[in-house]
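Readers should treat all values here as calculations from the given coordinates under stated rules, not as data from a laboratory. The model shown is predicted, which means the values in this text are computed figures rather than measured ones. Cβ sites come from the backbone with ideal geometry, for glycine too, and all protein chains shown count toward neighbours.
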Amino acid sequence: MKSARRRSRELALQGLYAWQLSGDDAAGLQAQLAESKEFGKADSKYFARLLQGTIEHAGELERLIAPTLDRKPKELSPVERGILLLAAFELKNAPDIPYKVVINEAVELAKSFGGTDGHKYVNGVLDKLAVTLRPDERKQKA
């Protein structure tokens, strides 16, 4: 059984994928995704926060992610790039969600929607990013 937040992340990822391919704005994508049958099971407020926030801050989020990558962000698959942007947004802007939960949710998205070993790549990148964005929380868990 998927949580409402997991469904919100899945829908936000779909929106980020479409945004990368079409360049549509967050409001238009949000309206399109609100029509999907999965939308009723999602946390609509959290979905809106994720989609709007990630698109609005994409440039900044890419700059945060870039040092942890082995290639340019634009060379990532749209799915993995979307997952990393989404998770970076959560790590930076949702301190109420433990970093391990953010990483786990991103890994699950990568397993569902990404390439064969994409989840391993996503996990490695986000683990490095958590050191930068959540240093105090990382120290407490160590």
Suppose every Lys and Arg Cβ carries +1 and every Asp and Glu Cβ carries -1, with no other charges. What dipole size does the chain come out with about its Cα centre, to the nearest 20 debye?
420
Subtract the Cα-Cα distance of Asp127 and Lys100 from 0.36 nm times their separation in residues, and report this length gain in nm to one decimal.
8.8 nm
Give me Ser112, Ser8, Ser44 ranked fewest to most by other Cβ atoms within 10 Å of their Cβ, as a rough exposure proxy.
Ser112, Ser44, Ser8
Report the trypsin sites (Lys or Arg not before Pro) located in region 12-91 that are in a DSSP loop and have at most 11 other Cβ atoms inside 10 Å of their Cβ, or state none.
Lys37, Arg71
Charges on Cβ only, +1 for Lys and Arg, -1 for Asp and Glu, centred on the Cα centroid of the chain; of Pro73, Pro95, Phe39, which one is farthest towards the dipole's positive end?
Pro95
For His119, His57, order by how many other beta-carbon atoms lie within 10 Å, fewest first
His57, His119
Contact order relative to length for the chain, counting C-alpha pairs under 8 Å separated by 6 or more residues, stands in percent at 22
Counting only the backbone N, which residues of region 35-67 are under 16 Å from the spot 7 Å out from the Cα of Ala4 toward its beta-carbon?
38-50
Per its Cα gyration tensor (rounded if a/c is under 1.5, else prolate when a/b beats b/c, else oblate), region 69-119 is best filed as oblate
Given charges at beta-carbon only (K, R positive; D, E negative), |dipole| of region 13-94 in Debye:
120
Under Karplus coefficients 6.51, -1.76 and 1.60, residue-wise ³J(HN,Hα) of region 76-83 in Hz, glycine/proline x:
6, 5, x, 5, 5, 4, x, 5
Inter-probe distance in nm under a simple model that places probes 7 Å from Cα toward Cβ, at Lys45 and Lys74
3.8
